[in-house]
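Computed from the coordinates by the stated procedures, all read-outs in this text should not be read as laboratory data. Everything numeric here is computed off the predicted structure, so don't read it as measured data. Virtual Cβ from ideal backbone geometry, glycine too; neighbours counted across all protein chains shown.
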Ligand code: AMP
Ligand code: MG
């Protein structure tokens, strides 16, 4: 991490309200604004923005942006568990064929699912894409609560216990040579919400890096990927305060050439009476994780940052520290429900 007084812009980390702001600090000696930018609403049901801070021409930026658009559209379709697309075998197809037969899929999906298995092992099962049966029970209750808040409920304990029996990642059978995916347990299903956006963001970043760009920012629904730096200086990034009534960021930090992904209890939740239930489910309890209000992960690979943010949200800080000690180049900011902020040593905080 890098520390300087020069401010580029602020990145608001709330997934629902993610946006980039020009630095407001009039005393800053230098403020670089993006040379080009574009906003999309078509990927992963969220807002995405592409920014160039380099010296590429408008035509070069447009070419880069349309390359990213095509790539993210493809990943969006492949990872979708709710909708089908003509001529595409996606995760919905794979889920529908659980216990039936292997599904021939695009190599991109095979590579992604292999990565998800790796993620399971790196996180000791805390981020498990095979938890679809459990996650769908929570999803159902959240959706019901939207239309009838007065009858909001949490999933039935017996149903949850039964669903848990169908979350074994080893039942996800990938045949790389045949390019097929098969779920051996008919009651198991995949939900890649914890990893998909970050993984796709990293693929888009790698596409740009191969083209030789030096200064780009991708904000794909709050998954922030910074390529290079801002004219030789770091960017200034604001971490959303989980207490939404506060009007300042919980922390503002300096970053370059890294990703920043936050998992938070304020992103998607519903209430039953006075209790609030968010969308990140602890596999140890099958209930919304209770350790933190948010966990922000900084590491170069956006897929890893996404996978780790969910995993670290589902374990104590000391277990989280032991986990990231085994991985190079990861920094973390933990914020508890009561607002206590702790972080790893590599983070450069703005005073
Ligand atoms: P994130 O915001 O990256 O933490 O991802 C949250 C999303 O991942 C949820 O909306 C679920 O779709 C899914 N999810 C929740 N808990 C888990 C978990 N423990 N392992 C894998 N996926 C999860
Ligand atoms: Mg995640």
Contour minus end-to-end for residue 209 and residue 165, with contour as 0.36 nm per residue of separation and end-to-end as the Cα-Cα distance? 11.6 nm
With springs only between Cα atoms under 10 Å apart, run a GNM on the chain and tell me which of 222, 231, 198 wobbles the most. 231
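Would you kindly give the portion of the calculated P(r) for the stretch 257-351 that falls above 17 Å, as a percent of all Cα pairs?
Numbers: 2168 of 4465 pairs.
Looking at the stretch 257-351, the distances longer than 17 Å represent 49 percent of pairs.
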Sticking with the crude label model, points 7 Å out along Cα→Cβ, report the distance from residue 317 to residue 284 in nm, one decimal please. 1.6
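Set the Förster radius R0 to 22 Å, insert the Cβ-Cβ distance between residue 108 and residue 175 as r into 1/(1 + (r/R0)^6), and round the FRET efficiency to 0.05. Could you put the intermediate results ahead of the total?
Details: r = 15 Å, r/R0 = 0.70.
Plugging the Cβ-Cβ distance into 1/(1 + (r/R0)^6) gives 0.90.
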Which three extents, in whole angstrom, do the alpha-carbon atoms of the stretch 208-258 cover along their principal axes, largest first? 42, 23, 12
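Starting from the Cα coordinates of the stretch 215-290, work out the convex hull volume and express it per residue in Å³. It would help to have the intermediate numbers written out before the result.
Numbers: hull volume 8.6 nm³, N = 76.
Each residue corresponds to 113 Å³ of Cα convex hull volume.
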For residue 143 and residue 275, FRET efficiency with R0 = 22 Å and r from the beta-carbon atoms, rounded to 0.05? 0.80
What is the angle, in °, between the Cα long axis of helix 132-147 and the longest principal axis of the Cα atoms in the chain? Nearest 10 is fine, range 0 to 90. 70
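Take the Cα pairs of the stretch 128-167, get the Kirkwood Rh, then feed it into Stokes-Einstein at 4 °C and 1.567 mPa s and tell me D in µm²/s. It would help to have the intermediate numbers written out before the result.
Details: Rh = 10.5 Å.
Answer, rounded: 123 µm²/s.
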D (µm²/s, integer) via Stokes-Einstein for the stretch 158-229, Kirkwood Rh across alpha-carbon pairs, 37 °C, 0.692 mPa s: value 216
With label points set 7 Å from each Cα along the Cα-to-Cβ direction at residue 341 and residue 121, the distance between them in nm comes to 3.7
When a footprinting reagent is the concern and you count Cβ atoms within 10 Å, what order do 156, 331, 351, 171 take, fewest first? 351, 156, 171, 331
Distances longer than 13 Å among the Cα atoms of the stretch 251-298: what percent of all pairs is that? 64
Between 0 and 90 degrees, rounded to the nearest ten: what's the tilt of helix 58-79 against the longest Cα principal axis of the chain? 20
Along each of the three principal axes of the Cα atoms of the stretch 126-264, give the extent in whole Å, ordering the values from largest to smallest. 56, 51, 24
Kirkwood radius from Cα pairs of the stretch 36-89 plugged into Stokes-Einstein at 4 °C, 1.567 mPa s, gives D in µm²/s equal to 104
Averaging over all projection directions, find the projected area of the Cα convex hull of the stretch 277-316 and quote it in nm² with one decimal place. 2.8
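Set the Förster radius R0 to 51 Å, insert the Cβ-Cβ distance between residue 153 and residue 326 as r into 1/(1 + (r/R0)^6), and round the FRET efficiency to 0.05.
Numbers: r = 39 Å, r/R0 = 0.77.
The formula returns an efficiency of 0.85 here.
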Three semi-axes of the equivalent ellipsoid, the chain, Cα gyration tensor, whole Å, largest first: 33, 25, 18
